[in-house]
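Accompanying notes for the structure given below.
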Amino acid sequence: MIEITDLNKVYKAGTRALKNVNITIEDGEFVFIMGRSGSGKSTLMKLLLKETEPTSGRIIVNDMDLTRMPRRYVPKYRRRLGVVFQDFRLLKDKTVYENVAFAQRVIGVPIRTIRENVPEMLRLVGLSSKYKSYPNELSGGEQQRVAIARALVNSPEILLADEPTGNLDAHNSMEIMGLLEKINDRGTTVIVVTHSQEIVSQMGRRVITLDRGIVLDDSGEGGIYDEN
Amino acid sequence: MRISTFFYCLKEGIKNIGRNIWFSLASAAIISACIFLFCLFFALTANVQYMVRMAESTVGITVFFDEGISEAEILAIGDSIRERSEVKEARYISAEEAWENFQKEYFKGMEELAEGFADDNPLADSASYEIYLKSIDDQAGMVEWLDTIPEIRKINYSSDTASGLSNFNRMLGLLSAVIIIILLAVAAFLISNTIMTAAAFRRDENKIMRLIGATGFMIRAPFVVEGIVIGFVGAAIPLISVYFLYRSAVAYMMEKFGILSNLMEFIPIQEIFPEMVAVAMMLGVGIGFVGSFFTIRRHLKV
Ligand SMILES: Nc1ncnc2c1ncn2[C@@H]1O[C@H](COP(=O)(O)OP(=O)(O)O)[C@@H](O)[C@H]1O
Ligand SMILES: [Mg+2]
């Protein structure tokens with residue numbers, strides 16, 4: 001469970017990116033975060049990843065208080081999350097297989113386990129046949145699927161996706177959404193940041209709408225929000 | 001640490017070097033130059049020290065006494081000489097012994113010539129002490145002290161050879177220390193730059209690693225490995241070349257100045273090499289480790 005209480009984030013430059021945000025997300029939920037550019041969506045993601053510190057307020061993730069977490073525990077904490085970004089962030093000099101395996105290698109998983117897990121993940125995202133390809137040989141949708149496989153290979157409890165379809169066309173976007181739903185069905189909590197009203201309405205899930213750092217709406221389908 | 005983690009860090013470290021080969025080579029070259037100089041100085045000082053030690057065991061101070069002084073008085077002075085802490089050995093040579101030695105040396109094969117002197121010892125007043133010191137460095141002080149003894153007529157010692165060598169060695173050590181420290185500083189600077197460049201190359205990768213939950217150790221270790229490998233290579237190259245260079249240099253000197261070979265004795269390479277390897281590796285690997293460790297700690301936040 002994620003419990004965000006009275007969360008404020010003021011950047012050094014003076015920007016108030018989040019103002020008194022209160023959000024609760026249950027285990028196994030699928031949640032969209034919507035809002036126009038600059039409304040604080042990525043800031044919220046960064047706070048959940050403990051990439052940045054809140055100015056005030058509390059974030060509790062699965063009974064761990066992020067604001068009180070010692071620095072040395074952060075890597076361990078992050079292994080319980082999976083992250084996906086708009087720009088995929090794959091390693092260009094590594095193959096699909098190596099990109100996914102990388103996530104396990106850097107946390108010291110034994111090679112034998114990696115050899116079992118990576119093909120399984122690639123099967124899940126439907127890229128088994130492309131395991132030898134390099135990122136620049138793949139379409140945007142395929143690259144994002146590799147990124148999702150990488151995010152999932154360490155069996156995270158929560159998947160954070162910051163505009164995962166931002167660089168994709170409608171067809172690829174819906175495929176990625178389908179994949180995220182599939183992952184959610186396996187029990188992983190999924191939090192997706194998106195711009196797209198279309199996606200949100202098609203998916204029919206909980207939508208939290210941010211506007212200039214304030215939670216504008218957390219009721220249903222984000223209907224009141226008109227993109228840009 | 002898992003064995004696979006170790007190999008991962010090693011592989012990534014070597015990959016860093018490959019991606020950044022010119023910087024890495026420059027760093028390794030400077031370390032090589034530094035350690036080559038170190039090895040050279042090391043071999044030189046070791047050999048000079050060796051010669052000093054040889055000289056110390058053969059060069060001593062000889063003191064002669066005033067005429068008419070009795071043997072008992074001489075022996076009493078000898079006792080006070082022996083009591084000095086810097087004295088390793090003091091040997092009394094009586095007038096008779098001196099004369100016998102002299103005869104043996106100068107009338108070799110013509111002993112009957114010496115008979116002419118019969119019982120009239122021409123070296124009657126030549127009773128002496130041969131003093132050997134523990135260290136040649138104490139010679140000047142010892143001579144000064146001997147000078148204060150009124151019964152001592154004459155002090156023979158060689159002021160240049162041994163103590164000169166010893167002074168030379170000290171100068172050499174100082175000079176080499178200064179040069180090596182300067183070179184080490186340059187090497188540390190270059191390694192630091194190499195590591196910073198490598199870190200810039202891997203910025204994206206490191207960011208991803210952080211988000212995936214890699215520990216600071218996993219993110220930083222490849223860079224430290226890179227530094228250590230550069231240091232290791234930088235030490236190995238000069239060590240190998242010095243090994244062969246030294247052997248052929250000694251062989252050359254022996255052939256060229258063979259006649260003097262009893263004066264010039266060199267330490268065989270096998271005798272000084274282990275120590276040389278140990279110190280050179282410590283220098284190379286140490287500077288590689290320190291240079292990369294502190295750079296990455298300061299510039300790569302995890
Ligand atoms: N590192 C930062 N330093 C200063 N201001 C920032 C930083 N990151 C974001 N901001 C500001 O905070 C606000 C929210 O940004 P962000 O969370 O990225 O919004 P979104 O992801 O919804 O587009 C914006 O005004 C942005 O300019
Ligand atoms: Mg954003």
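Tabulated data for the structure shown
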item: Output for the stretch A:145-198, where each listed residue is open to solvent by less than 30 Å² (accessible area, probe 1.4 Å), within 16 Å of ligand 1 (Cβ to nearest atom) and away from chain B (no Cβ under 14 Å); result: A:E163, A:P164, A:T165, A:I191, A:V192, A:V193, A:T194, A:S196
item: Complete set of residues in the stretch A:139-195 that are within 16 Å of ligand 2 (Cβ to nearest atom) and part of a loop (DSSP other than H, G, I, E, B); result: A:E163, A:P164, A:T165, A:G166, A:N167, A:L168, A:H195
item: All positions within the stretch B:1-25 that are of a type in the set (S, T, Y) and within 14 Å of another protein chain (Cβ to nearest Cβ); result: B:S4, B:T5, B:Y8
item: Helices (runs of 4 or more DSSP H) within the stretch B:125-236 that include 3 or more residues among the hydroxyl-bearing types (S, T, Y) and modelled with pLDDT of 85 or more; result: B:161-201
item: Qualifying residue in the stretch A:31-45 (condition: within 14 Å of chain B (Cβ to nearest Cβ) and at pLDDT 95 or above); result: yes
item: Selection count, the stretch A:35-70, where residues are touching a helix residue (DSSP H, G or I) at 6+ places or on another chain (Cβ under 6 Å), within 16 Å of ligand 2 (Cβ to nearest atom) and farther than 17 Å from A:L81 by Cα; result: 1
item: Residue in the stretch A:80-93 that is open to solvent by 50 Å² or more (accessible area, probe 1.4 Å), more than 16 Å from ligand 1 (Cβ to nearest atom), closer than 19 Å to A:V207 by Cα and not basic (K, R) present; result: no
item: Some residue of the stretch B:38-58 being at pLDDT 85 or above and not in a helix (DSSP H, G or I); result: no
item: Check on B:K207, open to solvent by 30 Å² or more (accessible area, probe 1.4 Å), within 30 Å of A:F102 (Cα to Cα) and either within 14 Å of chain A (Cβ to nearest Cβ) or among the charged types (D, E, K, R) (or both); result: yes
item: One residue from B:A46, B:A76, B:A28 being more than 14 Å from chain A (Cβ to nearest Cβ), small (G, A, S) and under 30 Å from B:T194 (Cβ atoms); result: B:A28
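Every residue, every condition in (1) small (G, A, S); (2) touching a strand residue (DSSP E or B) at 6+ places or on another chain (Cβ under 8 Å); (3) within 16 Å of ligand 1 (Cβ to nearest atom), yes or no:
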site: A:L7; (1), (2), (3): no, yes, yes
site: A:K19; (1), (2), (3): no, yes, yes
site: A:Y77; (1), (2), (3): no, yes, no
site: A:T95; (1), (2), (3): no, no, no
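Condition check ((1) open to solvent by 50 Å² or more (accessible area, probe 1.4 Å); (2) under 38 Å from the mean Cα position of the chain (by Cα); (3) within 14 Å of another protein chain (Cβ to nearest Cβ)) across all residues:
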residue: B:A127; (1), (2), (3): no, no, no
residue: B:E130; (1), (2), (3): no, yes, no
residue: B:Q139; (1), (2), (3): no, yes, no
residue: B:E144; (1), (2), (3): yes, yes, no
residue: B:I149; (1), (2), (3): no, yes, no
residue: B:N156; (1), (2), (3): yes, yes, no
residue: B:A187; (1), (2), (3): no, yes, no
residue: B:T197; (1), (2), (3): no, yes, no
residue: B:A214; (1), (2), (3): no, no, yes
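The values are calculated or read from the model by the stated rules, or taken from the named source; none is laboratory data. For clarity, every value in this text was computed on a predicted model and none was experimentally measured. For neighbour counting, all protein chains shown are included, and Cβ atoms are generated from backbone atoms with ideal geometry for every residue, glycine included. In case anyone asks, the SASA skips ligands and DNA or RNA and just uses the protein heavy atoms, side chains included. Shrake-Rupley method; radii C 1.70, N 1.55, O 1.52, S 1.80 Å.
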